[in-house]
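Structure first, commentary second.
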Amino acid sequence: MRHFAVVGSGPAGFYTAEALEKAYGDNARIDILDRYPVPYGLIRFGVAPDHQSLKAVSKRYDKVAESSGVDFIGNVTIGRDVSVAELLDLYDAVVLATGAPHDRKLGVPGEDLAGVVGSAEFVGWYNGHPEFADLDPPLGGSHAIVVGNGNVALDCARILSKTRHEFEGSDIVGHALEALEHSRVRTITILGRRGPHQIAMTPKELGELGHLEDAVPVVETADFPPLGADEALDPGLRKSVSLLRGFADLPQDKTKQMVFDFFAKPVRIEGEGKVERVIVERTELDEKGAAKGTGQMYEVPASLVITAIGYSTSPIAEVPFEGGRFVNENGLIAERLYAVGWARRGPTGTIGTNRPDGYEVADQIAAAVPAGSNGERDGAAGLKRLLGSRGVMPTDYDDWRKIEETEVSRARPGSPREKFVRHEEWLRTIGR
Ligand code: NAP
């Protein structure tokens, strides 16, 4: 029997476990570890609550967790409760699927002012991430800024714009729903340091902005290159740009505006003890297509600034780390130690991108670790002994089902569940 540990229960972790199970059949036991007693990582804490169809992929992960060769072991933090070296003693291979949960910094003065938050914090707040439940983003002013032109920036702008009614059917947490309902934000400026042809927004996500109940997107036609230039774009980007162009024709008859400000790079954030404005430099594209400052400055008022400019992975003691992810070659970090997903590639790609990624690394493991046993590895039994000796009480998949059932039973009308937002609540629910 072989024993494998997958650290992290988001999409990358589950696809890798699924692939390992397929590769080894009954000849392996696979443990998916997570620091929380609730699985699914990005699906639970990252995917927007009003995108339930994307979250439905967790049904597939349920099947993996329920299969006989796979166990979920929650409430265990690798690097704190148990080291990677100890895991490598216990398991034939260890796969780090820890995602990229931290915000990249903008690197401008004033970034630490109150009211400037990263998208991981803001998204975590409305999605019930225990670390960000108390974020309490300032929604009392009329202006907010979202920095970045990717899909996460769109998520943040859309969530700030929706009415309570539009959250029907979502699993947005109660505290965020209440706060957003009383929000006074009316103008959300989306700052892109480059132009419409350089956006990283996909058509479906962008298209949603044109159909909101009480908010309308605003674009400046002068920011766009001539229409004919769109033909050179990849089909997906061409569609996004065409949607953006179409926003210029929308009637401006809603209470809230989502204003696309292109060629706009934040250079300083200012305010007395809290953010009041962002100083922005007009940019143009240089010969390589990068944003180059023109020296022309202007200010945009804001009492909330959300930076949505990408994420980085958490370092783990003794694992080589550089540029926001683990140093690896095609997923291999060191002998028997691998990385998958955002921890391997950096924070790009959709949920589905993690599937081939996980399968590829599972193939590498299967080539390096033949079925059979060298008789030395204890797997979960050894891990549980070690954790027990340190007073750490892991949770299992049945515990998660109990938590899930309780969340579903607490759901307000029109919502699939009311999530617990604190670690203690999860543990209390399972009698700890
Ligand atoms: P992203 O797609 O990489 O976009 C990051 C944005 O931030 C880019 O517009 C980038 O501009 C900008 N940026 C980076 N550094 C900046 C700086 N210093 N100043 C100003 N702007 C800066 O990242 P993301 O939005 O975090 O999304 C991560 C991944 O998740 C993406 O693959 C995304 O498609 C995916 N995702 C998908 C969905 C969905 O399918 N519904 C939802 C959310 C996220 P430059 O291009 O100029 O660098």
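Every number in this text was worked out from the coordinates using simple rules, so none of it is lab data. Here the structure is a predicted model, which means the values were calculated and not measured. Methodologically, a virtual Cβ is constructed for each residue, glycine included, from the backbone with ideal geometry; neighbour enumeration extends over all protein chains shown.
The condition of being surrounded by fewer than 17 Cβ atoms within 10 Å (Cβ to Cβ) and among the charged types (D, E, K, R) does not hold for GLU121.
Applying the criterion of being in a loop (DSSP other than H, G, I, E, B) and acidic (Asp, Glu) to the residues of the range 393-425, the residue that is farthest from LYS55 (Cα to Cα) is ASP396.
Suppose the filter is surrounded by fewer than 18 Cβ atoms within 10 Å (Cβ to Cβ), within 19 Å of CYS156 (Cα to Cα), in contact with a Ser or Thr (Cβ under 8 Å, 6 or more places away or on another chain) and among the hydroxyl-bearing types (Ser, Thr, Tyr); does THR255 pass it?
On the way: surrounded by fewer than 18 Cβ atoms within 10 Å (Cβ to Cβ): yes; within 19 Å of CYS156 (Cα to Cα): yes; in contact with a Ser or Thr (Cβ under 8 Å, 6 or more places away or on another chain): no; among the hydroxyl-bearing types (Ser, Thr, Tyr): yes.
Taking the combined requirement at face value, the residue does not satisfy it.
Scanning the range 184-196 for residues that are under 13 Å from ILE306 (Cβ atoms) and assigned to a loop (DSSP other than H, G, I, E, B) returns a single hit, VAL185. If only residues of the range 191-205 that are near the ligand (Cβ under 10 Å from one of its atoms) and either aromatic (Phe, Trp, Tyr) or over 19 Å from the mean Cα position of the chain (by Cα) (or both) are counted, the one that is surrounded by the fewest Cβ atoms within 10 Å (Cβ to Cβ) is GLN198.
Assigned to a loop (DSSP other than H, G, I, E, B) and not acidic (Asp, Glu): which single residue out of LEU177, LEU139 fits that description?
Details: LEU177 fails: assigned to a loop (DSSP other than H, G, I, E, B).
Of LEU177, LEU139, the one residue that is assigned to a loop (DSSP other than H, G, I, E, B) and not acidic (Asp, Glu) is LEU139.
Tally the residues that are part of a strand (DSSP E or B), within 17 Å of VAL94 (Cα to Cα) and in contact (Cβ under 8 Å) with a residue 12 or more places away in the chain, restricting the search to the range 282-329. Quick ask: steps written out before the conclusion?
Step one: filter the range 282-329 for residues part of a strand (DSSP E or B), giving 282-285, 291-301, 304-307, 311-312, 321-322, 325-326, 329.
Subsequent filtering for residues that are within 17 Å of VAL94 (Cα to Cα) retains 321, 325-326, 329.
From what is left, the residues that are in contact (Cβ under 8 Å) with a residue 12 or more places away in the chain are 325-326.
Here the count works out to 2.
If you go through the range 7-27 and keep only what is buried (at least 24 other Cβ atoms within 10 Å of the Cβ) and under 14 Å from VAL64 (Cβ atoms), you end up with GLY8, SER9, GLY10, PRO11, ALA12, GLY13, PHE14, TYR15, THR16, ALA17, ALA19, LEU20. Listed by first and then second residue, the pairs linking a residue in the range 334-358 that is acidic (Asp, Glu) to a residue that is assigned to a loop (DSSP other than H, G, I, E, B) and more than 9 Å from the ligand (Cβ to nearest atom), with Cβ atoms under 9 Å apart and 6 or more places separating them unless they lie on different chains, are ASP357/GLY331; ASP357/VAL340; ASP357/GLY341. Scanning the range 142-174 for residues that are of a type in the set (D, E, K, R) and in a loop (DSSP other than H, G, I, E, B) returns LYS162, ARG164, GLU168, ASP171. If you check GLY341, GLY323, GLY346, GLY331 for being within 16 Å of the ligand (Cβ to nearest atom) and either buried (at least 17 other Cβ atoms within 10 Å of the Cβ) or of a type outside the set (Gly, Ala, Ser) (or both), only one passes: GLY341.
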